[in-house]
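Structure record follows, encoded as structure tokens.
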Amino acid sequence: MIALLDAYRAGLLRRQHWAPNVVSGLIVGVVALPLAMAFAIASGAKPEQGIYTAIIAGLAVSAFGGSRLQIAGPTGAFIVILSGITAKYGIAGLQTATLMAGAMLLMLGLAKMGGIIKFIPAPVIVGFTSGIAVIIWVGQWREFLGLPAVAGEHFHEKLWHTLLVLPELHWPTTLLACLSLLLVLHGPKVPGLRRIPGPLIALLAVTVLQALCQLPGIRTIGSTFGGIPEGLPSFQVPDLTFRHVIELIGPAFTIAMLGAIESLLSAVVADGMAGTRHDSNQELVGQGIANVLAPLFGGFAATGAIARTATNIRNGGTSPLSGITHALTLMLTILFLAPLAASVPLAALAAILFVVAWNMSEARHFLKMARRAPRADVIILLVTFMLTVFADLVVAVNIGVILATLQFLRRMASSVEVRQATEQELQQEFTHQGISRLPPGVLVFAVEGPFFFGAVENLERALAGTHTDPRVLIIRLRWVPFIDITGLQTLEEVVLDLHSRQVRVMLTGANARVREKLQKAGLLDLIGAENYFADLRQALLVCQELAEQDPTMARARSMLLSEAAEGVIRVSRDYFKVPMGTGRDEER
């Protein structure tokens, strides 16, 4: 359900709920202002484009999303992807890719694919988010230290070239950045400033300092971008030519994938903090609408922002009204206060991104997982992290998910057990049929667990261990929840092989879904309708009748009975023989 409609039905849009949501929205808007500019600059866009994105996405997601408390806008997770797209295709290419990603998200939501986040394992998510944090942190060294621009397409090249120019750091910029970092972290601890977000304290203080002192060599928004224009952006459709669209399918898919993951993660965090429940499919629809609209008005990719959403909840937000207020706050800021942004030092924004990168890295959680998780999960975590940093985010997530899937299949296959049932295990069925043991020449095998392509070897290995061919082989499928085509093909091969060796095969106990697949695959026709039984007891009854009718099986049964009787007689004779001291045994 659309969150705005849900909030209306829950009575959260009534007058008594206005004040806390408006106050929360104002606070979040103030927090979002420096972040929006910082994320835009780090993504290769202009600072005002970050504000445009926060306004449009904030309105669209609050109005059409699936979470009452979600705050959307540009985020740090997107920086790595967006900066690469901007460097290769320009800001126009980024906007085209964003619009395409929005269409993909819209289709995912309408196709009810909101549960996609459940299929991405925690080591993959932690690995790529920590990798993104490292890239953001290193990427801000230039502005934090006042270094000259460095060349290099890949992370290791940029890192190496940045290390080479470290001796050229600009001390005034570095000191200003350190002051900003100190204020971001500790500004709210100062008495009287507890309610003011640290990034805003740093931004205002350092901006005023630079405006008054005019420190030489300090890069500002004004000196780098010419300031921020007053007013709202005009409507403009990006380049959607066929050639351009085909060229940007890959980047657009990357934006859509990461946007879906981040927005749904943010919604889950919001649910955990506020005790709400989001609609994941509607959330993707809202994110899709936001990313379709943002590039039409000068913006770029946006998604759910975990930190701003948490700020919204902590300050009393309970409905989409807070998200709408946050967007209106940014709109009023750019309409009336835009000229003041010209003196904002880029070093202050770099300091803010340092803190964002640290929070995103979840370093403590990363180290805890690396120490305590199973070895296979640790390998997936580290591989995803390293590939994110040194290769590509999409490659990292794809390989991480593939490794996690293979590991899951290995665990599932090892949990599937195919074994020969013992007579002790079958006592309940024996009692029901009035027999004490299996009929001669009959073996029972039980398959326990999903019978899929990773587990077929278990059946082949178990049957190979019988060494001699029985007359009848019963395969119990009672504990098989599902079976795939590889399992069906393997079962067919086993049946054909056993038939060629004159072994009769019976199947028992399959659930409705498995039985339907057996029927569709032709296995029930292959073994014959008379050889499928809903219950093992019915199969044992038929085997008992066969043992009485089949001369070979009856002879084997008679031999077993006579051997058993002879054993009893022999034991009885031995028992009743006692030494009488006469040199010979006398019967008592």
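The values are calculated or read from the model by the stated rules, or taken from the named source; none is laboratory data. The structure displayed is predicted, hence computed values, not measured ones. Note: ideal-geometry Cβ built from the backbone for every residue, glycine included; neighbour counts use all protein chains shown. Accessible surface is based on the protein model in full, side chains and every heavy atom, while ligands, DNA and RNA are left aside. Shrake-Rupley method; radii C 1.70, N 1.55, O 1.52, S 1.80 Å.
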- Message: Given a 1.4 angstrom probe, I'd like the percentage of the accessible area of the chain that is carbon and sulfur, rounded to a whole number.
- Response: 62
- Task: With a 1.4 Å probe and every protein chain left in place, work out the accessible area per residue of region 305-392 in Å², rounded to a whole number.
- Result: 44
- Percent of Cα-Cα pairs per 10 Å bin, from 0 to the last occupied bin, for region 61-100, please list those. 27, 39, 27, 7
- Item | Label-point separation in nm, Cys178 to Glu425, each point 7 Å along Cα→Cβ | 7.1
- Note on the structure: Charge dipole of the chain built from unit charges on the beta carbon (Lys, Arg +1; Asp, Glu -1), centred at mean Cα; most positive-end Cα among Gln49, Thr174, Val245 is Thr174
- Message: I'd like to know which of Gly222, Ala149, Met104 lies farthest towards the positive end of the charge dipole of region 102-226, counting +1 on Cβ of Lys and Arg and -1 on Cβ of Asp and Glu.
- Response: Met104
- Query: Under a straight-distance cross-link criterion of Cα-Cα below 14 Å, which aspartates and glutamates are reachable from Lys520, leaving out those fewer than 8 residues away in the same chain?
  - Reply: Asp484, Glu492
- Message: What is the ratio of the Cα radius of gyration of region 40-127 to 2.2 N^0.38 Å, with N the residue count, to two decimals?
- Response: 1.19
- Pull up the cross-link candidates among the aspartates and glutamates for Lys112, meaning alpha carbon to alpha carbon under 14 Å and not fewer than 8 places away within one chain. Asp279, Glu283
- For Lys46, tell me the accessible area in Å² from a 1.4 Å probe, rounded to the nearest 10. 100
- Item | Per residue solvent-accessible surface (Å²) - region 194-259, probe of 1.4 Å | 57
- What is the magnitude of the charge dipole of region 1-109 about its Cα centre, with +1 placed on the Cβ of each Lys and Arg, -1 on the Cβ of each Asp and Glu, and no other charges, expressed in debye to the nearest 20? 200
- Message: How big is the dipole moment of the chain about its Cα centre under a simple scheme where the beta carbon of each Lys and Arg is +1, that of each Asp and Glu is -1, and everything else is neutral? Debye, nearest 20, please.
- Response: 1640
- For the chain, what does -39500 (n - 2.57) per DSSP helix run (n ≥ 4), summed and divided by total residues, give at 222 nm, in deg cm²/dmol to the nearest 500? -20500 deg cm²/dmol
- Message: Sorted from largest to smallest, which semi-axis lengths in Å does the alpha carbon gyration tensor of the chain give for its equivalent ellipsoid, taking the root of 5 times each eigenvalue?
- Response: 71, 26, 23
- State the answer as a single residue: which of Ala3, Val80, Val495 lies farthest towards the positive end of the charge dipole of the chain, with beta carbon charges of +1 for Lys and Arg and -1 for Asp and Glu, about the Cα centre. Ala3
- Message: Only helices at least 18 Å long along their own axis, judged from Cα atoms, and with Kyte-Doolittle mean hydropathy of 1.0 or greater: name those in the chain from DSSP H.
- Response: 18-42, 47-64, 79-110, 122-139, 171-186, 198-213, 249-274, 320-336, 346-361, 375-390, 393-415
- Message: Return the equivalent ellipsoid semi-axes of region 92-152 as a descending list in whole Å, where each equals the square root of 5 times an eigenvalue of the C-alpha gyration tensor.
- Response: 32, 20, 7
- Query: Under a straight-distance cross-link criterion of Cα-Cα below 19 Å, which lysines are reachable from Lys88, leaving out those fewer than 8 residues away in the same chain?
  - Reply: Lys46, Lys158
- Cα gyration tensor of region 273-358 diagonalised, 5x eigenvalues square-rooted, in angstrom largest first, produces semi-axes 25, 18, 15
- Query: If you project the alpha carbons of region 141-265 onto the principal axes, what extent comes out on each, in Å, largest first?
  - Reply: 54, 40, 33
- With a 1.4 Å probe and every protein chain left in place, work out the accessible area per residue of region 15-109 in Å², rounded to a whole number. 27
- Query: Over the chain, what is the percentage of antiparallel beta bridges among all DSSP beta bridges, to the nearest 5?
  - Reply: 40
- Task: Measure out, as a whole number of angstrom, how far apart the alpha-carbon centroids of region 98-171 and region 333-365 sit.
- Result: 16
